[in-house]
Amino acid sequence: DTPNEPLPIRRLQESLINRIAAGEIIHRPASALKELLENCLDAGSTSIRVTVKDGGMKLLQIQDNGCGIRRSDLPILAERFTTSKLSTFSDLSRITTYGFRGEALASISHVAHLSVVTKTKTETCAWKAHYLDGALVEGKPGQTVEPKPCAGNDGTTIIIEDLFYNTPTRLSALRSASEEYSRILDVITKYAVHNPKVSFVCKKTGSPSPDLSTPSSSEVPQAIRLLYGHSIAKDLLHVTFSSKNKASQDQDMEGEEEEEAPNRETWTADAHFTNANYQSKKMIFLLFINHRLVESSRMKRALEAVYSGVLPKGASPFIYLSLQINPRDVDVNVHPTKKEVHFLNEDGITDQISDTLQRSLASQSHSRVFEYQT
Ligand code: ADP
Ligand code: MG
């Protein structure tokens, strides 16, 4: 041992680099599932069925009825930075789909065995393909790596097996299968509230009945009732509100045109939240920004403060808040591990939301539409 002698610097192997990068995106079964759910929703699915074995460590399977993946795209599907959702840099500022950088499937293929069965409407059969470390591989030894035709419905099934089989430290950092499973259920529950038109089902392999099942074509309050229970649903208030600046006041919010006054901040919020009659030990807070489940400790603290004036000490509310902010004003290009999201005028928006909830709680009023002008 000669501590003064520097060790040589070596280039890490490509496969090791990829495995490390993948571990930063895919933390646990629930984070893989979140990416896959977002893909299903991006694909326009109305039915999403999740099957889980051993908390998702052994098997995580997601079947959707979305648009499917073209046979010709399968060879590059699990390569890093391959996506159908982004092509130019300026696309980044108007991206509205969940995923945008083609990293989820690639990452998964570096830390698990990934298989895909998919069929588009125009194809006459489904195709099955297996992936490892970003590339197509044979399903069984000796078989060809080419996707194989098979029977299947329109849509896509993603099968993840043996998650973290090659990263033992990551595997040992996971909790018990039942705890990982409850995290999976939590993610699906939140997406099911936010997407009441989509039917979600989640079950364990071999189990006869699902642990979570929602109908399609429902509405948010019904979804909350089904998933979080009557005691929350019966004490819910609902407000929607928006903010427009001068430049865009006269325009329809939906009809987004390219050429508009710069620096306009336009956002809308839709909130379902419990009134003062409901008290829970722990705050339940569902925050979606532009349809992506995110966390904002700033927003959470502000809303906690609002309720501290309404509820007894130690009691907490249920809040579902869906914010739509002009994609230009949201920093989506943060690393995907950053669940914390940042957006322009965060303080102002947080204040206005707190203010609106406060007024609504004070008057126990419902379904009011507030409009702010900035
Ligand atoms: P991203 O979502 O950022 O594009 P992903 O790695 O999550 O990256 O997915 C890569 C591509 O694979 C997507 O752009 C999409 O074209 C396709 N894809 C993935 N999952 C599905 C799905 N469930 N249905 C249809 N296409 C999918
Ligand atoms: Mg994606």
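The values are calculated or read from the model by the stated rules, or taken from the named source; none is laboratory data. For clarity, every value in this text was computed on a predicted model and none was experimentally measured. Glycine gets a Cβ as well: all are built from the backbone with ideal geometry, and neighbour counts include every protein chain shown.
Is it the case that some residue within region 28-37 is away from ligand 2 (no atom under 16 Å from the Cβ), surrounded by fewer than 20 Cβ atoms within 10 Å (Cβ to Cβ) and part of a loop (DSSP other than H, G, I, E, B)?
Within region 28-37, none of the residues are away from ligand 2 (no atom under 16 Å from the Cβ), surrounded by fewer than 20 Cβ atoms within 10 Å (Cβ to Cβ) and part of a loop (DSSP other than H, G, I, E, B).
Could you run through region 188-209 and say how many residues are over 18 Å from P221 (Cα atoms) and surrounded by 15 or more Cβ atoms within 10 Å (Cβ to Cβ)?
Residues flagged as over 18 Å from P221 (Cα atoms) and surrounded by 15 or more Cβ atoms within 10 Å (Cβ to Cβ) within region 188-209 amount to 4.
For the list (1) farther than 26 Å from H27 by Cα; (2) within 25 Å of the chain's Cα centre (by Cα), I need the number of the one condition that I160 fails.
Unmet condition: (1).
In region 163-196, how many residues are touching a Ser or Thr at 6+ places or on another chain (Cβ under 7 Å) and in contact (Cβ under 8 Å) with a residue 60 or more places away in the chain?
Summing the residues that are touching a Ser or Thr at 6+ places or on another chain (Cβ under 7 Å) and in contact (Cβ under 8 Å) with a residue 60 or more places away in the chain in region 163-196 gives 1.
Counting only residues that are more than 25 Å from S172 (Cα to Cα), touching a residue at least 60 places away in the same chain (Cβ under 8 Å) and among the small types (G, A, S), how many does region 9-47 have?
3
Q61: surrounded by 19 or more Cβ atoms within 10 Å (Cβ to Cβ) and more than 16 Å from ligand 2 (Cβ to nearest atom), yes or no?
For Q61, the condition - surrounded by 19 or more Cβ atoms within 10 Å (Cβ to Cβ) and more than 16 Å from ligand 2 (Cβ to nearest atom) - is met.
Can you work out which of the residues in region 39-54 that are farther than 16 Å from R183 by Cβ and of a type in the set (D, E, K, R) is farthest from ligand 2 (Cβ to nearest atom)?
Restricting to residues being farther than 16 Å from R183 by Cβ and of a type in the set (D, E, K, R), the top hit is R49.
Considering only residues that are β-branched (V, I, T) and more than 9 Å from ligand 1 (Cβ to nearest atom), which ones fall in region 49-65?
Selection gives V50, T51, V52.
Assigned by TED's automatic domain parsing to the domain that holds L185, within 16 Å of ligand 2 (Cβ to nearest atom) and modelled with pLDDT of 95 or more: is that true of L114 in this structure?
The answer is yes for L114.
Look at T144 and say whether it is outside any helix (DSSP H, G or I) and not hydrophobic (A, V, I, L, M, F, W, C).
Yes; evaluated as a whole, the condition is true for this residue.
Of all residues being within 6 Å of ligand 1 (Cβ to nearest atom) and either free of Cβ contacts under 8 Å to residues at least 24 places away in the same chain or not assigned by TED's automatic domain parsing to the domain that holds A22 (or both) in region 66-86, which is farthest from T46 (Cα to Cα)? Just the residue, please.
Looking at residues that are within 6 Å of ligand 1 (Cβ to nearest atom) and either free of Cβ contacts under 8 Å to residues at least 24 places away in the same chain or not assigned by TED's automatic domain parsing to the domain that holds A22 (or both), I get T83.
Looking at this structure, is Y98 within 12 Å of ligand 1 (Cβ to nearest atom), under 19 Å from the mean Cα position of the chain (by Cα) and either at pLDDT 95 or above or assigned to a loop (DSSP other than H, G, I, E, B) (or both)?
The answer is yes for Y98.
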